[in-house]
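J.: Below is a structure I'd like to ask you about.
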Protein chains: 2
Amino acid sequence: MDERGALALLETELEAVGDDAAVIDSLVVTTDMLHDRTDFPDGTARYTAGWRSVGASLSDVAAMGAEATAAVAAYAAPTFDREELLEFVRGASDVCEIVGAEYVGGDLDEHQEFTVTTTAIGSADETVARSGARPGDLVCVTGTLGDSAAGLELFQRAADGGPNADAVLERANDLFQFQPRVAAGRALAPHATAMMDSSDGLARSLHQLAAASDCGFAIESDEIPIDDTLLEVAADDAKALELATTFGEDFELVATVPSESLEAVRDATDVPLSIVGTVLECNDGITLDGETLADAGYTHG
Amino acid sequence: MDERGALALLETELEAVGDDAAVIDSLVVTTDMLHDRTDFPDGTARYTAGWRSVGASLSDVAAMGAEATAAVAAYAAPTFDREELLEFVRGASDVCEIVGAEYVGGDLDEHQEFTVTTTAIGSADETVARSGARPGDLVCVTGTLGDSAAGLELFQRAADGGPNADAVLERANDLFQFQPRVAAGRALAPHATAMMDSSDGLARSLHQLAAASDCGFAIESDEIPIDDTLLEVAADDAKALELATTFGEDFELVATVPSESLEAVRDATDVPLSIVGTVLECNDGITLDGETLADAGYTHG
C-alpha cells in the first residue's frame with residue numbers, strides 16, 4: 001500500500017482525517033514528518049530546515065483559516081551538533097514569530113537519518129474545509145508557485161560547484177524559507193468556500209478539492225503566478241509551468257471564493273492573490289486551458 | 001553532545017523547555033519521537049506501539065496536571081501494511097479514549113526505520129511544574145514501577161522461543177500498554193507542589209525534580225511499589241528494586257504533596273498512591289535508605 005492508499009484507508013477510520021488539519025472544538029492540530037532523503041536537499045541549512053519543517057505545519061493551520069498559536073518539533077539526528085541545533089531552533093522560532101505563534105521546543109532523539117516531526121496548533125471559531133466549493137466561485141492562489149522547484153534546482157547547481165556556488169546556495173536556502181500564509185488564510189476564511197495549501201502541487205490540490213467538494217475546475221495557465229526564479233532557471237516556460245503546477249512544496253493557499261467577495265478579501269490582506277480559474281460542475285472535470293489536468297504531483301511523506 | 005547536553009542547551013534558548021510539556025496560556029503541548037531500535041522490542045504489536053507512543057505523550061500531559069484533549073501521530077515505516085496501520089490506529093485511539101482525549105490522526109511517511117512521533121494537547125487553568133517541592137512534602141508515586149522492565153524481559157523470553165512463547169508475548173504486550181495517569185494527575189494537581197512522570201525512571205525523575213525545586217529527597221526502598229511481574233521475572237529482589245528505580249518507561253507520576261493534602265488526593269482518585277519518601281533541604285542530597293541515590297536511568301529519545 002502506498003502513502004495515498006494508506007491515507008485513504010485512514011480517512012475511513014478516523015473522522016478527523018481528510019483535511020489539512022484536524023479540528024477539535026475551536027482547536028486546530030496538524031503534524032508532519034520530514035526527513036533528509038526526501039525533504040532536505042544537500043546544502044539545506046539547519047536554519048532553513050527549522051523554518052521549513054515548522055512552516056509546513058503552520059501552513060496547514062493557515063489552510064484551515066485559523067490563527068496559529070504554537071508549534072513543537074521532534075528533532076532526530078545521528079549526533080547533536082550545538083550550532084546545527086541552535087540554528088534549527090532559530091529557524092523554527094523565526095517562522096513562528098512572523099505568523100504570531102510561539103515555538104515551544106519539543107523532543108530530541110538519536111536517529112540514523114536527520115528526521116523532523118513538527119506539530120502546529122491553531123485556533124478558530126470556524127474553519128474552512130476542502131468541501132464547500134460551489135460552481136461559479138473563483139479559484140484563488142496566494143503568492144507564487146514554483147519557489148521550491150526553483151530552490152531545488154539551485155541546490156543541485158550549488159552541489160555541482162562553480163564560482164558562485166555559495167551565492168547560489170544562499171538563494172536556494174532563501175527560496176526554501178517560505179512564508180506560511182496564516183494572515184492571508186485569516187483574510188480568506190470569512191469568504192472562502194473551500195481552502196487547502198498547495199504543498200502537493202496545484203494540480204493535486206485541485207483534484208483533492210474537487211473530490212471533497214464534488215466539483216470541477218477550469219484553470220487558465222496564463223493566470224498561474226509562476227515564481228520569477230523558476231522562470232529564470234527552468235529549461236523553458238513550458239517546463240516552468242509544469243513545475244509550478246505539479247512540483248508542490250510551495251505552501252501557498254488554494255481557495256475558492258465567491259466573486260462578490262473578492263474585493264473584501266483583497267482589502268483584508270497584502271498578500272498577492274491570483275485568480276487562476278473558476279469552479280465548475282463535477283462532470284465538467286478539471287482542465288488547464290481546456291485540456292484535462294492530470295492528478296500529478298508530489299506525494300509527500 | 002549527547003541528548004542530555006542538547007536538552008540542557010535548549011533549556012537556555014527556549015523559555016518553554018524544561019518541563020514535561022510546554023504551556024501556552026491554558027494550552028499544554030508535548031511531543032515525543034519513538035523508534036524501533038530503542039523503543040519497540042521485537043514482538044511489540046502495532047496495537048501496542050500505537051497505545052504506547054500516544055500514551056507517552058498523554059503521560060506528559062498528565063504530569064502537568066492537565067486534562068487531555070487530543071493527540072496526533074506521525075507514523076513512518078518502510079512500507080504500509082493495512083493491518084499494521086489499522087492496529088496502530090486502534091491502539092492510539094483506545095489509549096486516548098481511556099483518558100477522555102480524541103485521537104485525530106496525523107501524518108504518514110516512508111522511512112527506513114519504523115518511527116513514530118506523537119503529540120498530545122491538553123488544557124489546564126493552572127499546571128504543576130517540577131519546581132515547587134518544599135522540604136517536608138511527601139513524595140508520591142502512582143501505580144507500580146518496573147512494568148516496562150518486566151515487559152522487556154518477557155519480550156526477550158518470547159523471542160528466545162519455547163512452548164509458551166505466544167502467551168509470554170501477549171503478557172509482554174499487555175505490560176507495555178500502560179495507563180496514562182491523566183485522572184490521577186487531575187486529582188493531584190490542586191495539591192501537588194511539583195510533579196513529573198517517571199518515564200526516565202524514579203531515580204532520574206527525583207534528580208530532575210531536585211534540580212528544578214532546589215531540594216533533596218529521602219526515599220525508602222520498602223515503600224517503592226514494584227510491579228508484581230518484575231518481582232517474578234527479575235533475578236532477585238535487589239535486581240527488581242534496581243530496575244524499578246532506574247529502568248523507567250513506566251509513565252507513572254512522581255509528585256510531591258504536603259502531608260495535610262494526602263487524604264484529599266486519595267479521596268479524589270482510585271489510582272493507588274505510594275508514599276515513597278519525603279522532600280529534604282537541597283544540601284541533604286538524594287538518598288535511598290540513607291545511601292546516595294545516583295542519577296542513573298534511561299535517557300530517552
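The values are calculated or read from the model by the stated rules, or taken from the named source; none is laboratory data. It should be emphasised that the depicted structure is a prediction, and the values quoted were computed from it without experimental measurement. Neighbour counts run over all protein chains shown; Cβ positions are idealised from the backbone, glycine included. These area figures cover heavy atoms from the full protein model, side chains too; ligands, DNA and RNA do not enter into them. Shrake-Rupley method; radii C 1.70, N 1.55, O 1.52, S 1.80 Å.
J.: How high is the FRET efficiency from residue A:112 to residue B:42, r the C-beta distance, R0 22 Å, rounded to 0.05?
T.: Here the calculated transfer efficiency is 0.75.
J.: Taking a label point 7 Å out from Cα toward Cβ, give me the nm distances from residue A:269 to the same spot in the other copies, shortest first, one decimal.
T.: Spelled out, the distances from residue A:269's label point are 4.5 nm.
J.: Using the alpha carbons of segment A:231-301, what is the convex hull volume per residue in cubic angstrom, as a whole number?
T.: Given the Cα convex hull of segment A:231-301, per-residue volume reads 147 Å³.
J.: Tell me whether segment B:45-192 comes out rounded, prolate or oblate; compute the Cα gyration tensor, take square roots of the eigenvalues as a ≥ b ≥ c, and use a/c under 1.5 as the rounded threshold.
T.: Oblate shape, in that a/c is at least 1.5 and b/c is the bigger or equal ratio.
J.: If you don't mind, another one. When only alpha-carbon atoms count, how far does chain B stretch along each of its three principal axes, as whole angstroms with the largest first?
T.: 54, 47, 43
J.: What is the distance in Å between the Cα centres of segment B:29-98 and segment A:24-80?
T.: 19
J.: Kirkwood Rh, Cα Rg: Rg to Rh for segment B:162-237?
T.: Numbers: Rg = 16.5 Å, Rh = 15.5 Å.
Dividing the radius of gyration by the Kirkwood radius yields 1.06.
J.: Taking a label point 7 Å from Cα toward Cβ, how far is residue A:38 from its twins in the other copies, in nm, shortest first?
T.: For residue A:38, the inter-copy label distances come out at 2.3 nm.
J.: Next question, about the same structure. Do you know the relative contact order of segment B:182-301, to the nearest whole percent, from alpha carbon pairs under 8 angstrom that are 6+ apart? Could the numbers behind the result be given before it?
T.: Working: 182 pairs, mean separation 56.1, N = 120.
Here the relative contact order equals 47 percent.
J.: By how many degrees, 0 to 90 and rounded to 10, does the Cα axis of helix A:237-246 deviate from the longest principal axis of chain A?
T.: The angle comes out near 90 degrees.
J.: While we're on this one: Could you compute how fast segment A:3-123 diffuses translationally, taking Rh as the Kirkwood radius over C-alpha pairs and applying Stokes-Einstein at 25 °C with viscosity 0.890 mPa s? Give it in µm² per second.
T.: 166
J.: From Cα pairs below 8 angstrom and at least 6 apart in sequence, can you work out the relative contact order of chain A, rounded to a whole percent?
T.: Relative contact order comes out at 24 percent.
J.: Let me check something: with ligands and nucleic acids excluded, how do A:209, B:7 order by accessible area (1.4 Å probe), largest to smallest?
T.: Sorted descending by solvent-accessible area, the residues read B:7, A:209.
J.: I'd like the antiparallel share, as a percent to the nearest 5, of DSSP beta bridges with both residues in chain B. Each step should come with its number before you reach the end.
T.: Details: 41 of 52 bridges.
Percent antiparallel among DSSP bridges in chain B is about 80.
J.: What is the P(r) of segment A:107-207, as percent of Cα-Cα pairs per 10 Å bin from 0?
T.: 12, 30, 31, 20, 7, 0
J.: Right, something else. How big is the gap, in Å, between the Cα center of segment B:203-278 and the Cα center of segment B:169-191?
T.: 14
J.: Given labels modelled 7 Å from the Cα in the Cβ direction, how far is it in nm from residue B:4 to residue B:284?
T.: If labels sit at residue B:4 and residue B:284, their model points lie 2.4 nm apart.
J.: Which angle from 0 to 90°, rounded to the nearest 10, does the C-alpha axis of helix B:147-159 make with the longest principal axis of chain B?
T.: Roughly 30 degrees between the two axes.
J.: Along Cα-to-Cβ, 7 Å out, sits the label point; list in nm, shortest first, how far the one on residue A:285 is from those in the other copies.
T.: In nanometres, ordered from closest: 8.1.
J.: Can I ask one more? Using the Cα atoms of segment A:138-292 to build a convex hull, what is its mean projected area in square nanometres?
T.: Directional mean of the projected Cα hull area for segment A:138-292 stands at 9.1 nm².
J.: Now for a separate question. Once the principal axes of the Cα atoms of the protein assembly as shown are found, what is the range along each, listed largest first in whole angstroms?
T.: 80, 50, 45
J.: Another one. If you fit an axis through the alpha-carbon atoms of helix B:202-213 and take the longest principal axis of the Cα set of chain B, what angle between them do you get, 0 to 90°, nearest 10?
T.: 50
J.: Once Rh is set to the Kirkwood radius over Cα pairs, what Stokes-Einstein translational diffusion coefficient, in µm²/s, holds for segment A:76-145 at a temperature of 4 °C and a viscosity of 1.567 mPa s? It would help to have the intermediate numbers written out before the result.
T.: Values: Rh = 15.8 Å.
The Stokes-Einstein estimate is 82 µm²/s.
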